[in-house]
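Peer 1: Attaching a single structure in structure tokens format; questions to follow.
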Amino acid sequence: MTETELVRRASNGDEAAMHALYRRYAPRVYAVVRRLAGDDAMADDWAQEAWIRAFRALPRFRGDSAFSTWLHRVAVNSALQGRRKSNRHDTRETDLPSVLPGGTSDPTMLRISLERALERLPDGMRKVLVLHDVEGFTHEEIGEMLGVAAGTSKSQLFKARAKMRELLRPLKDRERVRAYVASDA
Amino acid sequence: MSHLTLEALARLLDEAPSAEEEGHLAGCEVCRDELAALRGQTDALASLPKMVPAPEAWAELRDRLEDERLIAGAAPRRFYGPLRTAAAIVLFAGGGLLGYGVRGNAEDAPSTEVVADRGVLAENGAGTAVEPAPREQQGGLRRVEEAQEAFLSALDQYMAATGTSPSDPATRLATLDNIVLTTAEALNEAPADPVINSFHLTALAQRNAMLRQISTSSDPVF
């Protein structure tokens, strides 16, 4: 069955079609929501909320964009709204493994380091970094979603990348750079 | 010139460097390394894998879709159905207001008016919920529902085997004991839930009253 047909059936309340769409896109929806949420418990709720919203809005989906793009936006908006409601501004204090991106041959360790560093970012930085560098939205799109200017999204992104670099920088490397900077000054 | 800031280097992943920045990069290995590390970090972020939601996520989502009538032909589940059943059983076991037959038709009875007569049960508006119950409460309610289904089935067999009736004090006591146990288990999952707390306290109170009644009765119960 084509995706268009699945979407049409799902918008009419066909459970099998809904389930098929869910199976196809659940990992993608969950991933973006989880990374914006910063923890599993909230991600579960927000991902469910995203799907509810999507199925609720499906009869109004006109097909101007691909279903996956539309769904992705619904998921992001749902997570952003959930984050505003949750009013959380804490960052987790978990230790990061000392892994430098590109400097490890273990992709699993690298992924874990990245995910944990993402969790440690302040909310504003994480949102922009996830939306831009992970999800591939433009600054204009991010500005629209977050209600900020594209320039603000840009400056937040650069700060977020720098912060991530700091979080991921192994201790030894950090000391080496500090020593170099000190000797240069 | 001092090194470029990390923010400036982060910008250079998307934008061309100024002449000054370009000149600095040409002669500074540290900044070139930092830029390369930032590029690696950004590439790695872009290739982060998908994440897999919990296996039970679809079942939970499906329940909500039903509740919101987004699935064609689905009647909304009643989150408070088990609580209505519990109310019926508490009332039956405690005072026999509704009678045993009510348990087979938990969707229809007891009415909130009848529950209201019993005070504490009505306080939390059994049967009036509009918003879906929170996850831990749903878990607690499911536990109550499953335990009660199992218990009522056993109760049927017990009464058929012994020839006792629902009004029999031993049957009532057993029912109340079961409600106390199942609501206590449900509270483990949702300790702060006011509805389950109310049922638990009501069941406890009625069980104690039944025990007092049995202990002061001149008729042998057991």
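Read-outs: derived from the displayed coordinates by stated rules, not from any lab. Just so it is clear, the structure is predicted and the values come from calculations on it, not from any experiment. A quick note on method: Cβ atoms are made from the backbone with ideal geometry, for glycine too, and the neighbour counts reach across all protein chains shown.
Peer 1: At the interface with another protein chain (Cβ under 8 Å from one of its Cβ atoms) and either surrounded by 16 or more Cβ atoms within 10 Å (Cβ to Cβ) or not basic (K, R) (or both): which single residue out of A:L129, A:L146 fits that description?
Peer 2: Being at the interface with another protein chain (Cβ under 8 Å from one of its Cβ atoms) and either surrounded by 16 or more Cβ atoms within 10 Å (Cβ to Cβ) or not basic (K, R) (or both) holds for just one of A:L129, A:L146, which is A:L129.
Peer 1: Please name all residue pairs, on different chains or six or more residues apart, with Cβ atoms under 8 Å, provided the first residue is in segment B:168-184 and is in contact (Cβ under 8 Å) with a residue 60 or more places away in the chain and among the charged types (D, E, K, R) and the second residue is in a helix (DSSP H, G or I) and buried (at least 17 other Cβ atoms within 10 Å of the Cβ).
Peer 2: Listed by first residue and then by second, the contacts come to B:R172/B:F92; B:R172/B:A93; B:R172/B:G94; B:R172/B:M210.
Peer 1: Take the residues in segment A:34-48 that are in a helix (DSSP H, G or I) and either small (G, A, S) or more than 9 Å from chain B (Cβ to nearest Cβ) (or both), then tell me which one is farthest from A:V74 (Cα to Cα).
Peer 2: Among residues in segment A:34-48 that are in a helix (DSSP H, G or I) and either small (G, A, S) or more than 9 Å from chain B (Cβ to nearest Cβ) (or both), the one farthest from A:V74 (Cα to Cα) is A:A41.
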